[in-house]
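Below is one structure, written out as structure tokens, with a few remarks after it.
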Amino acid sequence: MMFDLSGRVALVTGASRGIGRAVAARLAGQGATVVAAARGDHAAETVAAVTAAGGQAEAVSLEMTDEAAVQRLPGDIVERHGRLDIVVSNAGIARDQLLMRMKREDWDAVIATNLTATFSLAQAAMRPMLKQRGGRIIAVSSVVGQMGNAGQTNYAASKAGLIGFVKALAREVASRGITVNVIAPGLIDTDMTRAINEKTQVDWATQIPLGRLGTVDDVAAAACFLASDEASYITGHVLAVNGGMYM
């Protein structure tokens, strides 16, 4: 089958719901053993859904701003599973506010969770991947990191930072068979967007040439492709999953 991930071991952060849960489920459905990471025991439901569907997954507790824990996790996975082939850095937060009113702690928290934690995770994942001479690192950015959005200077900076980080890292590790790419979702139908009033959702949809919000499965399919052998000649790329909202 296409995008066969049998025998691969994948780590997905922010795997408790939304995009992260969908990515974990899709990778497991293609044969990967998935380590689903989230705060507390929040990844347990994701793992239950994956195993109920016949996939292999385990839940781990991870606070993305705990640098020591983030750095330790890839090694722990290799100890348990013998390898680490795929890392999807998806965990992220938003603390929106106009810049004039934004508190420094809200800037710092968003940068730490969305950008710095990906640095720590990728750095630790490099070690087993370099030894294997192969691997896939995928960072989940946002259309906001490409086009900006009022009230989200911290979020936009963190997501744009991921794009620059990935492009530089892709050049560093390409000779070892490791690809590093970004997915930049647009407006995706998640719990967060459903909480917004219907009129705003309709207004948003009018800005999207395909005329609808994306689904978490749209993003998961992109992650599955980038994780697969079929994407072996793609690195340093920003894969937009946005319905044409930004081109």
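The values are calculated or read from the model by the stated rules, or taken from the named source; none is laboratory data. Every value quoted in this text rests on a predicted model; they were computed, and no experiment measured them. Cβ: placed from backbone, ideal geometry, glycine included. Neighbour counts: every protein chain shown. Areas reflect the complete protein model, heavy atoms only, side chains present, ligands, DNA and RNA absent. Shrake-Rupley method; radii C 1.70, N 1.55, O 1.52, S 1.80 Å.
Across all directions of projection, what mean area in square nanometres is found for the Cα convex hull of the stretch 129-221?
Averaging across all directions leaves 7.3 nm² for the Cα convex hull.
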Residues of the stretch 137-179: accessible area per residue with a 1.4 Å probe, Å²: 38
Which of M129, A109, A139, positive extreme of dipole for the chain (C-beta unit charges): M129
Projecting each Cα onto the charge dipole of the stretch 174-247 (Lys/Arg +1, Asp/Glu -1 at the beta carbon, about the Cα centre), which of G186, H237, G214 comes out farthest on the positive side? H237
Under a straight-distance cross-link criterion of Cα-Cα below 24 Å, which lysines are reachable from K103, leaving out those fewer than 8 residues away in the same chain? K159
What whole-number value in Å² describes the accessible area per residue of the stretch 1-124 for a 1.4 Å probe? 48
Using every Cα-Cα pair within the chain, state what percent have a distance larger than 35 Å. 9
Compute, for the chain, the length of the dipole vector about the Cα centre, with Cβ point charges of +1 (Lys, Arg) and -1 (Asp, Glu) only. Units Debye, rounded to 20. 500
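So for the chain, averaging the separation of alpha carbon pairs under 8 Å that are six or more residues apart and normalising by length, what relative contact order in percent results?
Answer for the chain is 20 percent.
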Carbon plus sulfur fraction of accessible area for the chain, probe 1.4 Å, in percent: 53
